[in-house]
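Here's the structure, in structure tokens; my notes come after.
The values are calculated or read from the model by the stated rules, or taken from the named source; none is laboratory data. Treat the numbers as computed from the prediction; the structure is a model and nothing was measured. Backbone-built Cβ (ideal geometry, glycine too); neighbour counts: all protein chains shown.
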Amino acid sequence: MCDKKLNFPFKGAREYVHGTSLFNAVVQAAVDKGLSSGEVNVSFKSMIHNPECVLEWRKPTPQDAVVAKFTSPYSEDAVICINEAKITGVAKRQDFDELEVCRGAVLGDMTITQEEPHHEDRIELLVSLCKKMHLECIDNSKKWVFSRYNGQFPIPKLEKVELRITKQVGTRLTCSDVIVNGCKIGDMYFS
């Protein structure tokens, strides 16, 4: 399949492409090719500092910045890779208020919940809540980043969200259950 050029905005004051933008791009590319639902394992292996990127349907290499592996009972498995383009683009800015996204969230002991979420972008909501939980429950001096999602796509309509840290390697890596409307839909990793 052919390559697709992408241009991502930088969210807030960030100087890199946010993992949620990359996640949404790979899921949309899969849906556009007929993969309407199933499981996705998206790994963010390195930060992307160029808003200009290339999306490719191919077998991954160790150098790829983003690798998404899709499985579906309705179609063949597929792999998408995203990397920085060779030409550096000028970043456009997009407002992004994580505090507002997390408004109304309730922190517990290594958990965070939000009922009737008000933010439209589902992965942005999940990542923002997970980041808040990490800053409040583990270490607020570390820059936590979204490093992997392994679970259902598309993410179902959110009526109640709970994230629960289930595995932790110090302040280097965590795995959290992603529970939507009472059902676990996947695992989210932060490092």
Next on the checklist: I'm trying to understand the selection: among the residues of segment 1-23, which are surrounded by 16 or more Cβ atoms within 10 Å (Cβ to Cβ) and closer than 18 Å to Asp77 by Cα?
Outcome noted: Phe23
Next on the checklist: Given the criteria assigned to a helix (DSSP H, G or I) and surrounded by fewer than 17 Cβ atoms within 10 Å (Cβ to Cβ), does Gln28 qualify?
Outcome noted: yes
Checklist entry - Looking at segment 53-95, which of its residues are crowded, with 16+ Cβ neighbours inside 10 Å, modelled with pLDDT of 95 or more and either more than 20 Å from the chain's Cα centre (by Cα) or in a loop (DSSP other than H, G, I, E, B) (or both)? => result Pro60, Asp64, Ala65, Ala85
Checklist entry - Under the condition of being in contact with a helix residue (DSSP H, G or I) (Cβ under 7 Å, 6 or more places away or on another chain) and assigned to a helix (DSSP H, G or I), which residue from segment 111-130 is nearest to Asn24 (Cα to Cα)? => result Ile123
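Every residue, every condition in (1) in contact (Cβ under 8 Å) with a residue 40 or more places away in the chain; (2) β-branched (Val, Ile, Thr), yes or no:
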{"site": "Ala29", "(1), (2)": "yes, no"}
{"site": "Asp32", "(1), (2)": "no, no"}
{"site": "Glu39", "(1), (2)": "yes, no"}
{"site": "Glu52", "(1), (2)": "yes, no"}
{"site": "Val67", "(1), (2)": "no, yes"}
{"site": "Ser75", "(1), (2)": "yes, no"}
{"site": "Cys81", "(1), (2)": "no, no"}
